[in-house]
Amino acid sequence: MFQDFLKKFDKIVSEASKEFTDAFNKAISGNSVQSGSASPSSAAVDNTPKVDVLNSPVSLNNYKKRVFPAGTPYREIMDVYQRKLILGGPNGFTPVLVPTHSDTLEENISILNDEGYSIKEAIAGASAEEGRKFLEERYQEIVADRGGDDEALIGEFEGEAEMLYNFKAFTDYSGDKTEEVALYYIPTANPWEVPAYIPFGGFNECPSPKTMVSVCKYWYEKYKAIPTTISGDIMEFTVDNPVERDESVNLAKEHYAFCPDRVDQGTMTYTLSELADTLSYAEKWYFWWD
């Protein structure tokens, strides 16, 4: 009798799983709605043609997306993002939010295509160890350029840590009003590969796209850091938990090596201690390159 019950239970679970998957696939492949004709609560789903992404020039048009008009409540956007993040792994995709006004990102992608950039090569060449080494060596270079005084760079911070409540890539300075933003479904179950599919970097002090993929792999394996937003000059991550306080200074060093502007223009005291204090509370990581 118990065996019969198990068989019936397995059948019910299997049928429910199939219905769920079918419903999801239908949801992300529905007809496109022009963003101007949709209300904030009925954001569009763009049904783009499938292409051989790994062997094609990079284009945001290669990926399915859902567009949220400007003014869509921030919480609504993030609720959809969280649902897609949960669904993504089993269905072979990772969601990422990209502001639609990001002309700099499109220009950078065009330049990379002209230089022969390859998504496949960026992923194949990614190494968590190389990502770690890059951050360590880059930090030492910065310290040397500043006279070799590591303690002065770390400094002291006794103020109140900055709390990152909302992602900045698609919100105004208040963090409440949203710009038009697209939720792209990147065709990989590995979140650290997202910057390979939407590459940027190689300008000013921003790491090259290939280096960025290695750093993302390192941070994903160590902290489960997931790239959540990408624009022409901003990249933000989500982590499940803030780092422990005794580890926050080391992480601040890595963040500074990855993006010096995070400290030089993103803190009040220009010290790693201030950033470390923020990271000991933060479930969001923010990077901006001038």
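Taking label positions 7 Å along the Cα-Cβ direction at both Met78 and Thr269, the computed distance is 2.7 nm, reported to one decimal. Ranked from largest, the principal axis spans of the Cα set of region 31-288 equal 58, 39, 32 Å. Maximal additional length on extending the Ser59-Ser174 stretch stands at 38.3 nm, based on 0.36 nm per residue less the C-alpha distance.
Beta carbons within 10 angstrom, averaged per residue: use that to sort the peptides 265-272, 140-147, highest first.
Values: 265-272: 16.6, 140-147: 12.4.
The most tightly packed comes first, giving 265-272, 140-147.
Let me check I've understood the local charge: for Cys216, count other residues with C-beta under 13 angstrom from its C-beta, Lys and Arg +1, Asp and Glu -1. What total comes out?
Numbers: positive: Arg132, Lys210, Lys217, Lys222, Lys224; negative: Glu130, Glu193, Glu221, Glu236, Glu254.
It works out to a net charge of 0.
The residue among Ala169, Ala252, Trp192 whose Cα reaches farthest toward the positive pole of the charge dipole of region 31-288, with charges on the beta-carbon of Lys, Arg, Asp and Glu, is Trp192.
Here, region 124-241 has an Rg and a Dmax of 16.3, 45 Å when only alpha carbons are counted.
Values in this text are rule-based calculations from the coordinates and carry no lab data. Small disclaimer: the values here were computed from a predicted structure and weren't measured. Quick reminder, even Gly has a Cβ in these numbers, built from the backbone with ideal geometry, and neighbours come from all protein chains shown.
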